[in-house]
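The values are calculated or read from the model by the stated rules, or taken from the named source; none is laboratory data. Every value quoted in this text rests on a predicted model; they were computed, and no experiment measured them. Positions of Cβ are backbone-derived with ideal geometry, glycine not excepted, and every protein chain shown enters the neighbour counts.
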Amino acid sequence: METDIRTEFVVVVTTTDSADAAHELARSAVVARLAACAQVLGPMTSVYRWEGAVDEAREWRVEFKTTAARSAELRDHLRGVHSYDVPEIVCLPVVGGGQSYLDWIRASTA
C-alpha cells in the first residue's frame, strides 16, 4: 500500500547497479516529463538484507525532482523499467524551496 503525498513537490529516489542503468532511468523519466530533472550519484556501497543474508553491493542513486501529482506515474514507470526484482522507490516530500525552482519543476512536468 502506498501512502498519499500531501505536498506539491517530491523527490523520488531509487538505486541501481550501474552508472549506465542510472543514467537511463534518469533520462527516460525526464524525456517522459515525469521528472523535471534527475541527479545520478555514486558509486556508493549499499549494505542490505536479502534472502536471509546480509550482502553488500556497489550502487548508483538517482534522485528525481517532480510534483506529487506526477509521482505515482513516475513510480509506475520506474517499476516497469527497473532491473531489480524489488527496487527501492521512495518518495520524499519537499517542504520548502526557492519559488522559481519549484515553478520550474511544475512547468517541466506539465
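Considering every residue within segment 42-61, establish whether at least one is assigned to a strand (DSSP E or B), within 15 Å of Cys91 (Cα to Cα) and not hydroxyl-bearing (Ser, Thr, Tyr).
Looking for residues that are assigned to a strand (DSSP E or B), within 15 Å of Cys91 (Cα to Cα) and not hydroxyl-bearing (Ser, Thr, Tyr), one finds at least one in segment 42-61, hence yes.
Out of (1) within 19 Å of Leu102 (Cα to Cα); (2) of a type in the set (Gly, Ala, Ser); (3) not in a strand (DSSP E or B), the odd one out for Ala22 is which?
The failed condition is (1).
Tally time: how many residues in segment 50-76 are touching a residue at least 12 places away in the same chain (Cβ under 8 Å) and of a type in the set (Phe, Trp, Tyr)?
Residues that pass the stated criteria total 2.
Does segment 32-50 contain at least one residue that is under 16 Å from Thr7 (Cα atoms) and of a type outside the set (Asp, Glu)?
yes
Please state which one of Arg61, Arg49 is basic (Lys, Arg), surrounded by 12 or more Cβ atoms within 10 Å (Cβ to Cβ) and touching a strand residue (DSSP E or B) at 6+ places or on another chain (Cβ under 9 Å).
Exactly one of Arg61, Arg49 is basic (Lys, Arg), surrounded by 12 or more Cβ atoms within 10 Å (Cβ to Cβ) and touching a strand residue (DSSP E or B) at 6+ places or on another chain (Cβ under 9 Å), namely Arg61.
Could you go through segment 77-87 and let me know if any residue there is surrounded by 15 or more Cβ atoms within 10 Å (Cβ to Cβ), touching a residue at least 24 places away in the same chain (Cβ under 8 Å), touching a Ser or Thr at 6+ places or on another chain (Cβ under 9 Å) and among the β-branched types (Val, Ile, Thr).
no
Would you pick out the residues in segment 68-94 that are within 15 Å of Arg106 (Cα to Cα) and not in a helix (DSSP H, G or I)?
Hits for segment 68-94 are Pro93, Val94.
Within segment 18-34, count every residue that is closer than 16 Å to Ser46 by Cα and surrounded by fewer than 16 Cβ atoms within 10 Å (Cβ to Cβ).
Taking segment 18-34 and keeping what is closer than 16 Å to Ser46 by Cα, we get 18-19, 22.
Retained after the next criterion (residues that are surrounded by fewer than 16 Cβ atoms within 10 Å (Cβ to Cβ)): 18-19.
Count: 2.
Would you point out which residue out of Thr45, Thr67, Thr7, Thr16 is polar (S, T, N, Q) and at pLDDT below 95?
Thr7
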